[in-house]
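One structure below.
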Amino acid sequence: MLRVTLKVFAAVMLFVGVLAIGSDFLPVGGISLNSSGVGGSDQQFYKVVPVDGVNLVRVGVIFLVIGASCFGLSKFVGE
């Protein structure tokens, strides 16, 4: 049970780490998730909100290290 819990926690940490690193490289203007190019001007743009004073790449790397450590630790936990 501990092995499965560590793997799930590792997967969540890796996912959050990738999101944190990836969000730093998204365009400031936002990303349009509306697939239809025809129609009115009511397009929705999802904008990344900047976080002042926080380096998202550093936070993402920390989450990746924690996730990799938990995944590696789950290999050593016996059943």
Review point. Quick one: is GLY30 surrounded by 13 or more Cβ atoms within 10 Å (Cβ to Cβ), over 16 Å from the mean Cα position of the chain (by Cα) and modelled with pLDDT under 60?
Key: yes
Check your understanding: List pairs: first in segment 1-14 and more than 9 Å from PHE71 (Cβ to Cβ), second assigned to a helix (DSSP H, G or I) and of a type in the set (Ser, Thr, Tyr), Cβ under 6 Å, 6+ apart or cross-chain?
Key -> ARG3/SER74
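The values are calculated or read from the model by the stated rules, or taken from the named source; none is laboratory data. Please read these numbers as outputs of a predicted model, since none were measured by experiment. Here Cβ is always computed from backbone atoms with ideal geometry, including for glycine, and neighbour counts include all displayed protein chains.
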